[in-house]
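**Q** Before we start, here is the structure in question, set down as C-alpha cells.
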Amino acid sequence: MNKTYFAVCDDDQIVCEAIYQQVQNFFSINGVLSEGSTFYTPTKLITDFQEHPYGLLFLDIDMPGLDGIKTAKIIEESGLHPVVIFVSNLENRVFETFSVQPFSFIRKNHFKEDFQLTMQNYFETYIAREMSLTIETNSHSRIQKLQINNIVYIESFKNIQHIYLLNQKTPLEVRTTMNSLEQEFKDYDIIRTHKGYLVNLRYIKKIEKSEIELTNGVIVFISRGKANEIKAAFARYLRKTSSVLFEK
C-alpha cells in the first residue's frame, strides 16, 4: 500500500497543528498509511517542497509575505503538482483560488462539516482504489476487488478462506492459505487472532480471554495466551483513531 504524504501550512501555529492532527486522524480511521509535516511560513514550505514533494497540501490563504494562492502557484510553476486544499476564512477569495485548480476550499468557521466532506471526496477520488485487494474466487471463474475497510473477518477452512464483508451475509470463498492472507494484510489493521481467524480491528466490539465479539455479533476465537497481544493492538488502534476536536 502506498503512503500518502501531506503538508499543512498556516502561520497560526495552533491552527496548523490542529489541522495536521485532523488529517492524521482521518487517514488513521480509514486505514491509510500517511506521513505529514507542518509549516508556519510559505517560504519554508516552498524550500522543503523541492526535496520532499508532498502529494497533498493544505494551505491557508491569509499569510504574511506570500499568501496561500501565490504559494500554490510557485510550487506549481516549479513543476510539482500536489492536490491543493485551501483552509481559510477568506471566502471572498474563493474564486481567486481557481487559478491553481484546488481540489477544495475548507472554511475555517465551518471546518468540521467542510473537512469531512472534502476528505471523504479526496479518499474516494485518490485512495480508495489503492486500498483494495484483487482476489480470485474459489471457482476460478471470477476475479474481484475488495475494499479493505469492508472486510470484517476471515475464517479458515484449510486452503479455502471465507471472507466476510460488511453488510453481506454470504462469505466470499477464496482458494489460498491463511498465512498468505495474513501477509497481504500486514500493512492494514487486520490481525491474526487465531490459526483460523483474521479480524479487522475496526469491527471489534469486545475482547475476552478466549474470544472476540465483533460489532455484527459474531464471536471469533483467540489463541491461547494471545489475548494480551490482541488487546494491546486494539488499544493502539483506538488511540490512533480517536478524534481531536478542532477549535479555532
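Just so it is clear, none of the values below were taken in a lab; they were calculated from the coordinates. It should be emphasised that the depicted structure is a prediction, and the values quoted were computed from it without experimental measurement. Using ideal geometry, Cβ is built from the backbone for each residue, glycine included, and neighbour counts are taken over all protein chains shown.
**Q** Extending each Cα 7 Å along its Cβ direction at residue 76 and residue 221, get the distance between those two points in nm, one decimal.
**A** Each label point lies 7 Å from its Cα, and together they span 5.9 nm.
**Q** Does region 55-104 come out rounded, prolate or oblate, given a ≥ b ≥ c as the square roots of the eigenvalues of its C-alpha gyration tensor, rounded meaning a/c under 1.5 and, failing that, prolate meaning a/b above b/c?
**A** prolate
**Q** Let me ask something additional. What label, among (i) 7, 27, 27, 18, 15, 6, 0; (ii) 8, 31, 35, 20, 6, 0; (iii) 7, 29, 39, 21, 4, 0, belongs to P(r) over Cα pairs in 10 Å bins from 0, in percent computed from the structure on display?
**A** (i)
**Q** Assign one of three labels to region 4-127, namely rounded, prolate or oblate, based on the Cα gyration tensor with a ≥ b ≥ c the square roots of its eigenvalues; rounded applies when a/c is under 1.5, prolate when it is not and a/b is larger than b/c, and oblate otherwise.
**A** Verdict is rounded for region 4-127.
**Q** Something else now. Rounded to the nearest 500, what is the 222 nm mean residue ellipticity of the chain from helices alone, with -39500 (n - 2.57) per DSSP H run of 4+ residues and division by all residues?
**A** That calculation yields -8500 deg cm²/dmol at 222 nm.
**Q** Now for a different question. Using θ = phi - 60° and the Karplus curve 6.51 cos²θ - 1.76 cosθ + 1.60, what whole-Hz ³J(HN,Hα) does each residue of region 59-72 get, with Gly and Pro shown as x?
**A** Couplings: 10, 6, 9, 7, 9, x, x, 7, 8, x, 5, 5, 4, 4 Hz.
**Q** If I take R0 = 25 Å and measure r between the Cβ atoms of residue 205 and residue 112 in this structure, what FRET efficiency does the formula 1/(1 + (r/R0)^6) give, to the nearest 0.05?
**A** Calculated value: 0.40.
**Q** Given points 7 Å out from each Cα along the Cα-Cβ axis, report the residue 195 to residue 103 separation in nanometres with one decimal.
**A** It works out to 4.5 nm between the two label points.
**Q** Right, next: What residues from region 206-221 fall in the zone where the backbone N is under 18 Å from a label point 7 Å along the Cα-to-C-beta line of residue 165?
**A** 216
**Q** For region 39-54, take each phi angle, set θ = phi - 60°, evaluate the Karplus expression 6.51 cos²θ - 1.76 cosθ + 1.60, and give the result in whole Hz per residue in order, putting x for glycine and proline.
**A** With the stated coefficients, region 39-54 comes to 9, 9, 9, x, 4, 5, 4, 4, 4, 5, 4, 5, 9, 10, x, 7 Hz.
**Q** For the cross-link pairs 70/112; 205/226; 206/231; 206/226; 158/195; 3/44, which exceed 20 Å when the distance is taken from alpha carbon to alpha carbon?
**A** Pairs exceeding the cut-off: 70/112; 3/44.
**Q** In the chain, what % of DSSP beta bridges are antiparallel (nearest 5)?
**A** Around 60 percent of the beta bridges assigned by DSSP in the chain are antiparallel ones.
**Q** While we're on this one: Expressed as a whole number of Å, what is the distance separating the alpha-carbon centroids of region 147-209 and region 1-58?
**A** Result: 32 Å between the Cα centres.
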